[in-house]
Amino acid sequence: MTSHLPLAGYRILSAEQYGAGPYGTMFLAQLGAEVIKIEQPGSGDSARAVGPHFLRENESLFFQSFNLNKRSLTLDLNTAEGKEILHRLAAQSHAVVNNLRGDLPEKIGLTYDHLKAANPAIVCAHLSAYGRDNERTRWPGYDYLMQAEAGFMAMTGEPDALPTRFGLSIVDFMTGTMMAIGLLAALLDAGRSGQGRDVDVDLLSTAVHQTSYPAMWYLNAGDVTGRTSRSAHPSVTPSQMFRTADGWVFVMAQIPKFWTVLLDRLGLPELAEDPRFLKPADRLENRDALVAILDTVFERQPTAHWVDLLGGHMPVAPVFSLDQALDNPYLRTTGMVDTVAHPDRADMRVLANPIRIDGQRLPNRAGPLLGSDTEDVLAEAGYAAAEVAAFRAKGVI
């Protein structure tokens, strides 16, 4: 384990809910930042109540997915006392994050203009569905809606299927990651200049940005990328799934040298001289004929055979179900599954962070119980025990 994490010493307050914001701040916490999760007294983050799997009532495995390594402070930001506590904590922090509806940061007082008097260097990061400065500011929104509106669903699935969403809330994860990048950039500048600022990212902008090269093709050539059978690449072939004797394998002859490797490993040298497949454009034009030939080969052996034959020589992967993916022995080799202790489960299994520091995976600890750090955080901020008790009696914490 690395002895010094790169964000050690940074304190980040986060008024966050559910997925996108907590996912981004979890990266910061795993990189060493002290992330204090601000939750509504009594109810907390709505993710705590998301089933179907619970550790205890209102303590879900879903919540744990996004909140490792954090502290939990219950605080009602709609009260005058709650705002006073926020300002005192902001004076002792480096950043304040939220992923509230676009109009709420201004109302609650989470923007730079509201907090700069307490701390001129504070960075205020805002993650919303549609942004804070347009006609959709008050619109609630979730990942699946962004997949629908940004064209993801129209590009996903078989050509004759209904529009299909990703199996995961991928826009939430991308937006949380982009928020973390923007926040870190602003923190670097604040460390040099002493001047904080607002940083904004929204789900729809992120989703549209991720349309990437199909967007460039459409914006500049009017080319609308559609769906392809077997999840094939839109412009390269063979680069797609092939049925095997016991499932599917994904093969990507993405550049000419891998086409040569594929033919050599499969024992099909005659295809190299076939006029239908000489150049990449020829192979694309004759995709159906090429796939029909390769199908007859791949169907002869199970997936593992083809991965063993092609692995390390060209890009190839088995098409796994989720259980197969997580039980993959390779994950033990790379340390991508970790175990942490939770009050309700001593050996809770979690995913490791994909980032390594000094060659080591980042440390993990279980997500906090609701309000478990409230007294400690307030004591660290200088509040006396009697003051904390009074806040609790009034429902402020």
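The values are calculated or read from the model by the stated rules, or taken from the named source; none is laboratory data. Bear in mind the structure is a predicted one, so any value in this text is a computation, not a measurement. Quick reminder, even Gly has a Cβ in these numbers, built from the backbone with ideal geometry, and neighbours come from all protein chains shown. These area figures cover heavy atoms from the full protein model, side chains too; ligands, DNA and RNA do not enter into them. Shrake-Rupley method; radii C 1.70, N 1.55, O 1.52, S 1.80 Å.
Summary table
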| item | result |
| --- | --- |
| Full-extension gain in nm, L188 to N220, via 0.36 nm per residue minus C-alpha separation | 7.9 nm |
| Extension gain, K107 back to R243 (0.36 nm per residue minus Cα-Cα distance, nm) | 43.4 nm |
| Karplus 3J(HN,Hα) series, Hz, for the range 361-368 with 6.51 cos²θ - 1.76 cosθ + 1.60 (x for Gly, Pro) | 5, 6, x, 10, 9, 4, x, x |
| Of all accessible heavy-atom area on the chain, the percent that carbon and sulfur account for (1.4 Å) | 56 |
| Max mean-square fluctuation residue, GNM over the chain, Cα-Cα springs under 10 Å, options R56, R197, R361 | R56 |
| Vicinal HN-Hα couplings computed from phi for the range 127-144 (Karplus, 6.51 cos²θ - 1.76 cosθ + 1.60; Hz; Gly/Pro x) | 10, 9, 6, 10, x, 10, 9, 8, 5, 9, 3, 8, 6, x, x, 10, 3, 4 |
| Relative contact order (%) - criterion: Cα under 8 Å, at least six apart; region: the chain | 18 |
| DSSP beta bridges in the chain [antiparallel fraction, %, rounded to 5] | 45 |
| Approximate spin-label separation D160-R138, in nm, with each point projected 7 Å along Cα-to-Cβ | 4.7 |
| Accessible area expressed per residue, the chain, with surrounding protein chains retained (probe 1.4 Å, Å²) | 49 |
| Sites A117 and V337 - FRET efficiency at Förster radius 51 Å, r taken between beta-carbons, to 0.05 | 0.65 |
| Mean separation of Cα contacts under 8 Å, 6 or more apart, over the residue count of the range 239-319: relative contact order % | 46 |
| Pairwise FRET efficiency - V297 versus S321, Cβ, R0 = 22 Å, nearest 0.05 | 0.40 |
| Note, ³J(HN,Hα) from phi for the range 323-330, Karplus 6.51, -1.76, 1.60, rounded to Hz, x at Gly and Pro | 5, 4, 4, 7, 8, 4, x, 4 |
| Backbone N under 18 Å from the H313 label point (7 Å along Cα→Cβ), restricted to the range 245-272 | 245, 249-272 |
| Structure-derived log10 I(q)/I(0) by the Debye sum over Cα atoms at q = 0.08, 0.13, 0.14 Å⁻¹ - corresponding label in [x] -0.46, -1.14, -1.29; [y] -0.59, -1.19, -1.31; [z] -0.55, -1.14, -1.25 | [z] |
| Residues with amide H under 5 Å from that of F54, placed H, sequence gap 5 or more | L61 |
| Structure-based [θ]222 nm, the chain - -39500 (n - 2.57) summed over DSSP H runs of at least 4, per residue, nearest 500 | -10500 deg cm²/dmol |
| Choice from R88, R11, R192 with maximal GNM fluctuation in the chain (Cα, 10 Å cutoff) | R192 |
| Debye, to nearest 20: dipole size of the chain, +1 on Lys, Arg Cβ, -1 on Asp, Glu Cβ | 440 |
| Gain in span if fully extended, Q195 to A91, counting 0.36 nm per residue against the direct Cα distance | 36.1 nm |
| Within straight-line cross-link reach of K37, lysines at Cα separation under 21 Å, skipping those fewer than 8 residues along the same chain | K70, K83, K107, K116, K394 |
